[in-house]
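The values are calculated or read from the model by the stated rules, or taken from the named source; none is laboratory data. What you are looking at is a predicted structure, and each value in this text was computed from that prediction instead of being measured. FYI the Cβ positions are ideal-geometry reconstructions off the backbone, even for glycines, and counts take in every protein chain you see.
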Amino acid sequence: MKQAVTQILIICTVTIGIQFGIGAAPEAAWADEGSGTPIYIGIGPAFGFEDFNNTGGINIDEAYGFNTWAGYRFVDFLSAEMNLEYLKGFDFSFFGLDVDAETLAFTMNAKVFPLSRVLPDRVDPFLYTGIGIGWVEVDAGSAGSNDETGFIARFGGGLDLYLTEQLAFQASSSYVLPTGDIYDVAYVSLVFGLQYRFGQPSRP
């Protein structure tokens, strides 16, 4: 896990630096017509539904945890976003052993809002895809534990429903596709959360 956390912290530091650099740079023409800096942050509970490979028909419980995200909306239909998700509770029994698996996933996503110019401002559906780093730990109690890291892809969609100009309720679902040493641990994520935006871009 230390290796995965170190990699995630490095990526977060670089990403935050880039985003602050963007925010500090002279605003593009479209931003002069918007309001504030188009940065947003969000957090909410997450639920995981396993799609593991090579389980041999073993029944695996659903997991739970949290998902947090932050992004920069360049224009009304496009943003860049970083996403961190932790899930615990992928529990199952294997030859009399109680086994628990937990995951940590960090991705950088490209997010599009295909209906931003069609629907009312308060309703904002989106699609996104991204790549990043995943960490998985499997704990088999007295039999020991093991953790691995690998690259992952995430793709999904959802809906922002604005309660005020700044605060929105978000519901989203995505599929996490791992590779390498963690390729077996694919899952579907379901997230409900609140998002706050500090400003918004205008339409170019």
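Criterion applied to Gly57, Gly23 was being at pLDDT below 80, outside any helix (DSSP H, G or I) and surrounded by fewer than 17 Cβ atoms within 10 Å (Cβ to Cβ), and the one residue passing it is Gly57.
The strands (runs of 3 or more DSSP E) found entirely in region 90-182 that carry 2 or more residues being within 16 Å of the chain's Cα centre (by Cα) and in contact (Cβ under 8 Å) with a residue 60 or more places away in the chain are 97-112, 123-139, 167-178.
Being at pLDDT 90 or above, among the basic types (Lys, Arg) and under 20 Å from Ala63 (Cα atoms) is true of Arg154. Of the residues making up region 61-87, those that are of a type outside the set (A, V, I, L, M, F, W, C) and surrounded by fewer than 16 Cβ atoms within 10 Å (Cβ to Cβ) are Asp61, Glu62, Tyr64.
Please indicate, with yes or no, whether at least one residue in region 140-148 is in contact with a Ser or Thr (Cβ under 7 Å, 6 or more places away or on another chain) and either surrounded by 14 or more Cβ atoms within 10 Å (Cβ to Cβ) or not small (Gly, Ala, Ser) (or both). No: region 140-148 contains no residue that is in contact with a Ser or Thr (Cβ under 7 Å, 6 or more places away or on another chain) and either surrounded by 14 or more Cβ atoms within 10 Å (Cβ to Cβ) or not small (Gly, Ala, Ser) (or both). Of the residues contained in region 94-110, one or more are found to be at pLDDT 95 or above, within 21 Å of Asp160 (Cα to Cα) and surrounded by fewer than 20 Cβ atoms within 10 Å (Cβ to Cβ). Going by the conditions given, is Trp30 modelled with pLDDT under 90 and outside any loop (DSSP other than H, G, I, E, B)? It is true that Trp30 is modelled with pLDDT under 90 and outside any loop (DSSP other than H, G, I, E, B).
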